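Some notes on the structure that comes next.
The values are calculated or read from the model by the stated rules, or taken from the named source; none is laboratory data. All values derive from a computational prediction rather than experimental measurement. We place every Cβ from the backbone using ideal geometry, glycine too, and count neighbours over all the protein chains shown.
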Amino acid sequence: MLRAIKIRLLPTPEQEILFRKSAGTARWAYNYFLSENQRLYQKFLEGKSEVKFLSEMEIRKHINNVLKKTTHKWLGEISSNVMKQAVKDADNAFKRFFKQVSGYPKFKSRHKIKPSFYVNYRKAAESPLL
């Protein structure tokens with residue numbers, strides 16, 4: 001039997017900002033994975049690339065080693081687990097699409113979805129903000 005416990009958080013203003021940044025980062029990472037794989041697949045169809053799909057590990061390495069150090073320094077403000085889990089979720093959505101279990105993954109919109117993100121509870125308990 002699975003049990004769930006609902007809790008209500010009453011975050012401080014600093015924590016609320018951190019929550020919103022985390023949800024935005026998760027949405028950005030999910031959408032980045034989708035857009036990069038769409039771009040690469042389009043190149044594959046045009047004959048400009050031999051690879052038609054990037055794995056979640058390759059995308060995560062690119063984000064951490066290239067983007068985080070140059071143009072996307074704001075990714076360092078939140079836990080890396082948030083970005084990692086969002087990319088894994090996007091990868092799972094693609095795999096489910098290729099297995100014909102579900103439809104093509106859609107981009108996440110700021111306006112149409114409930115903001116959410118992955119939390120590593122062990123690290124969250126150690127955070128100075130919580």
Next on the checklist: Residue pairs, Cβ under 8 Å, 6 or more apart or interchain, first in segment 103-123 and farther than 16 Å from ASN31 by Cβ and assigned to a loop (DSSP other than H, G, I, E, B), second among the aromatic types (Phe, Trp, Tyr) and modelled with pLDDT of 70 or more. List them.
Outcome noted: GLY103/PHE97
Next on the checklist: Yes or no: segment 21-38 includes at least one residue that is farther than 19 Å from VAL119 by Cβ, outside any loop (DSSP other than H, G, I, E, B) and among the basic types (Lys, Arg).
Outcome noted: no
Checklist outcome for this item: All conditions in (1) more than 23 Å from GLU14 (Cα to Cα); (2) of a type outside the set (S, T, N, Q); (3) in a helix (DSSP H, G or I) are true of TRP74 except (1)
Checklist entry - So PRO11 clears everything in (1) assigned to a helix (DSSP H, G or I); (2) under 25 Å from LYS114 (Cα atoms); (3) not hydrophobic (A, V, I, L, M, F, W, C) except one condition, right? Which one? => result (1)
Next on the checklist: Checking the structure you have, find out if any residue of segment 28-41 is modelled with pLDDT under 90, charged (D, E, K, R) and surrounded by fewer than 18 Cβ atoms within 10 Å (Cβ to Cβ).
Outcome noted: no
Item to check | Among the candidates LYS43, LYS48, LYS21, residue that is under 25 Å from LYS84 (Cβ atoms), free of Cβ contacts under 8 Å to residues at least 60 places away in the same chain, of a type outside the set (Ser, Thr, Tyr) and out of contact with any Gly (no Cβ under 7 Å at 6 or more places or on another chain) | outcome: LYS21
Checklist outcome for this item: Sole miss for VAL66 among (1) in contact (Cβ under 8 Å) with a residue 24 or more places away in the chain; (2) part of a helix (DSSP H, G or I) is condition (1)
Next on the checklist: Conditions first: (1) modelled with pLDDT of 90 or more; (2) surrounded by 14 or more Cβ atoms within 10 Å (Cβ to Cβ). PRO105 passes all but one, so which condition is the exception?
Outcome noted: (1)
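Per-residue answers, yes or no, for (1) in contact with a Gly (Cβ under 9 Å, 6 or more places away or on another chain); (2) surrounded by fewer than 14 Cβ atoms within 10 Å (Cβ to Cβ); (3) under 21 Å from PHE19 (Cα atoms):
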{"position": "LEU75", "(1), (2), (3)": "no, no, yes"}
{"position": "ASN81", "(1), (2), (3)": "no, no, yes"}
{"position": "LYS84", "(1), (2), (3)": "no, no, yes"}
{"position": "ALA93", "(1), (2), (3)": "no, no, no"}
{"position": "PHE98", "(1), (2), (3)": "no, yes, no"}
{"position": "SER109", "(1), (2), (3)": "no, yes, yes"}
Item to check | Answer from LEU67, LEU75, LEU45, LEU54 - the residue that is within 15 Å of GLY24 (Cα to Cα) and either in contact with a strand residue (DSSP E or B) (Cβ under 7 Å, 6 or more places away or on another chain) or hydrophobic (A, V, I, L, M, F, W, C) (or both) | outcome: LEU75
